[in-house]
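Take a look at the structure set out below.
The values are calculated or read from the model by the stated rules, or taken from the named source; none is laboratory data. None of these values were measured; they are calculated from a predicted model. Backbone-built Cβ (ideal geometry, glycine too); neighbour counts: all protein chains shown.
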Amino acid sequence: MNGEFQGVMTQAELAERVDAGDAPDWLAAHWRTFRDAVTGEHDGSPFPCHFGTQSVEAGEPLYTAVPSMREKDALLAFRDALCDYLDRYDAHGSRTSFVVFFAPDETATTEADYHERLWHLLQFLHVHDPEPWPADIPTDPDDERWEFCFAGEPMFPTCRAPFYDTYRSRFSPVGLEITFQPRSLFDGITADTDAGQHARDVIQERLVEYDGVCPHADLGDWGVEGDREWPQYLFREDDAQAPDDCPITVTREHPKIPATFDPVAGGEQT
């Protein structure tokens, strides 16, 4: 894949390359199915997150493409693209999320495979984080105030994947998608605000209409007693295939690896 697709792209840039036939087939399919899902309807019901719909319709998100969930250079480019996004998102727009499209993985055939892939990716980012873990964020995922952090930024990574059947709002027919949303994008609409409570009520009503089932049992709010962030990143559909405990190991040690560390093999390079 052309390396330029592994950098940060605006929505207009990505759409132009796809329309011109310059993008790999899998990336073009990712973009089109993502766009159509977020701005379209399922069985007559609009996509549940109206904030996401409005953002995509306005062309606000930034994007990158990752050709492998295992290959060293692809993962390092993914890390660099996330760093670049975090350096520029607040100047791009008030709702600028970061949408990451991963190439289809023929070895990922079950829900359990996708849970493993997600946490492998987040662990990789944590190990290769250029900044220390924020002092005000707990390192224990079983804390209601824990959330994934990278480059000093607390954020909410939301996933769509091919295994979903019941929760159609999380379905991606092509492969894994992760949308990173820094905590600052939620300013003014958190659970402790009237606007946040209203937004939650609207989204839950739309989830029932879109998915045809009650909102997922793990759906919650950051910082609320009893709620946890990590199960919301990739909702479980089959309890037997989902992790019972958060698979990531978080430490405040920084930096975590020497310059000679092999990020995939997990040892010193010779």
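In the range 78-102, which residues are small (Gly, Ala, Ser) and surrounded by fewer than 20 Cβ atoms within 10 Å (Cβ to Cβ)?
Scanning the range 78-102 gives Ala91, Gly93, Ser94.
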Do you know which residues across the range 68-109 are in a loop (DSSP other than H, G, I, E, B), over 19 Å from Pro24 (Cα atoms) and free of Cβ contacts under 8 Å to residues at least 12 places away in the same chain?
Thr107, Thr109
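Identify all residues within the range 1-16 that are within 20 Å of Ala74 (Cα to Cα), outside any strand (DSSP E or B) and out of contact with any Phe, Trp or Tyr (no Cβ under 6 Å at 6 or more places or on another chain); write none if there are none.
Result: Met1, Asn2, Gly3, Glu4, Phe5, Gln6, Gly7.
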Identify the residue in the range 8-35 that is surrounded by fewer than 15 Cβ atoms within 10 Å (Cβ to Cβ) and more than 18 Å from Gly93 (Cβ to Cβ) and, among all such residues, is nearest to the chain's Cα centre (by Cα).
Arg32
Residues that are in a strand (DSSP E or B) and closer than 20 Å to Asp244 by Cα, drawn from the range 138-169
Phe156, Pro157, Thr158, Cys159, Arg160, Ala161
Scanning the range 36-67 for residues that are surrounded by 18 or more Cβ atoms within 10 Å (Cβ to Cβ) and assigned to a helix (DSSP H, G or I) gives Ala37, Val38, Gly52, Ser55, Val56
Pairs under 8 Å by beta carbon, first residue within 12 Å of Arg79 (Cβ to Cβ) in the range 110-125, partner basic (Lys, Arg) and at pLDDT 95 or above, six or more apart or different chains?
Phe124/Arg79; Leu125/Arg79
How many residues, within the range 136-151, are touching a residue at least 40 places away in the same chain (Cβ under 8 Å) and farther than 15 Å from Arg228 by Cβ?
2
